[in-house]
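In what follows, a structure is listed as structure tokens, so that the remarks can point back to it.
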Amino acid sequence: MSKVGVIFDLDGVIVDTAKYHFLAWKKLADGLGFEFTEEHNELLKGVSRVRSLEILLDIGNVTVSEEKKQEFLVSKNEDYLGYITKMEADEILPGASELLDALDAAGIKYVLGSASKNAPLILKQIGLYDRFEGIVDGNSVSKAKPDPEVFLIGAEKLKLSPDQCVVFEDAIAGIEAAKNANMISVGIGDKNTLSEADYNFNDLTEVPVNFFEALMTLN
Ligand code: BG6
Ligand code: MG
């Protein structure tokens, strides 16, 4: 491979927003009168907002009308916005800024590939919005991860073929999406949870300096 490009997931890779999603979903569950735990929250990682609500309602064994679901989606997002509009650069996860700097220095392009409709806002809050070659988010896709759509659009923005793209992901659905797109996958987080990934690191500080150079010398 003579050339590589990188596609970054946002939530759980560049910022830890899972805690804010948790608080906002928990408020909804509390209102509906059932318990929503951090363990339950794991099931929502990488999953679209609509799908997250369906999973949450299943957990509580709650059935509601379509109209009510729309109401819940709006109120959950309002609560979530209350948290993310206070985010600043100090919430960038360890190693992320350094990795982007290293990619810039090596002339390797990168885009965002996130399921979140709030991705542009979060990137602006933490000051990284202008760093990306392109942004693919929940507003630009019709099929959620593990469908490869989000990453395939990312490859187009990078002007690279899928097998030249390296995806950084913290969610099982995201690793599956990368595999479905025929891309190289890097799991960030628990190695056992993300055992399907081609490479695993606990966080971005662990990515070796020669990681991309080594990939480019393969085949
Ligand atoms: C993903 C998160 O990045 O975005 C999911 O991992 C979340 O937990 C999804 O449900 C959608 O986010 P948003 O911001 O559009 O509600
Ligand atoms: Mg994620």
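The values are calculated or read from the model by the stated rules, or taken from the named source; none is laboratory data. From a predicted model like this one, the values you see are computed outputs, not experimental measurements. So basically every Cβ, Gly included, is an ideal-geometry build from the backbone, and we count neighbours across all protein chains shown. With ligands, DNA and RNA removed, areas are computed over all heavy atoms of the protein, side chains included. Shrake-Rupley method; radii C 1.70, N 1.55, O 1.52, S 1.80 Å.
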Qualifying positions in region 1-27 - buried (at least 20 other Cβ atoms within 10 Å of the Cβ), of a type in the set (A, V, I, L, M) and closer than 15 Å to I172 by Cα: L10, V13
Considering residues of region 28-50 that are in contact with a Gly (Cβ under 8 Å, 6 or more places away or on another chain) and assigned to a helix (DSSP H, G or I) only, the residue least open to solvent (accessible area, probe 1.4 Å): A29
Residue in region 49-59 that is touching a helix residue (DSSP H, G or I) at 6+ places or on another chain (Cβ under 6 Å) and either in the same structural domain as E133 (by TED's automatic domain parsing) or away from ligand 1 (no atom under 11 Å from the Cβ) (or both) present: yes
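Let's see how each residue does on (1) more than 13 Å from ligand 1 (Cβ to nearest atom); (2) assigned to a loop (DSSP other than H, G, I, E, B):
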position: S140; (1), (2): no, yes
position: D147; (1), (2): yes, yes
position: G154; (1), (2): yes, no
position: K157; (1), (2): yes, no
position: K179; (1), (2): yes, no
position: N182; (1), (2): yes, yes
position: D190; (1), (2): yes, yes
position: S195; (1), (2): yes, yes
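Condition first: open to solvent by 70 Å² or more (accessible area, probe 1.4 Å), more than 12 Å from F8 (Cα to Cα) and either touching a residue at least 24 places away in the same chain (Cβ under 8 Å) or small (G, A, S) (or both). Now tell me which residues in region 107-130 satisfy that.
Step one: filter region 107-130 for residues open to solvent by 70 Å² or more (accessible area, probe 1.4 Å), giving 109, 117, 124, 129-130.
Applying the additional criterion that residues be more than 12 Å from F8 (Cα to Cα) yields 117, 124, 129-130.
Matches in region 107-130: K117 only.
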Residue pairs meeting the criteria (Cβ under 6 Å; at least 6 apart or on separate chains; first within 15 Å of D11 (Cα to Cα), in region 180-191; second modelled with pLDDT of 95 or more and among the β-branched types (V, I, T)): G187/I175; I188/V13
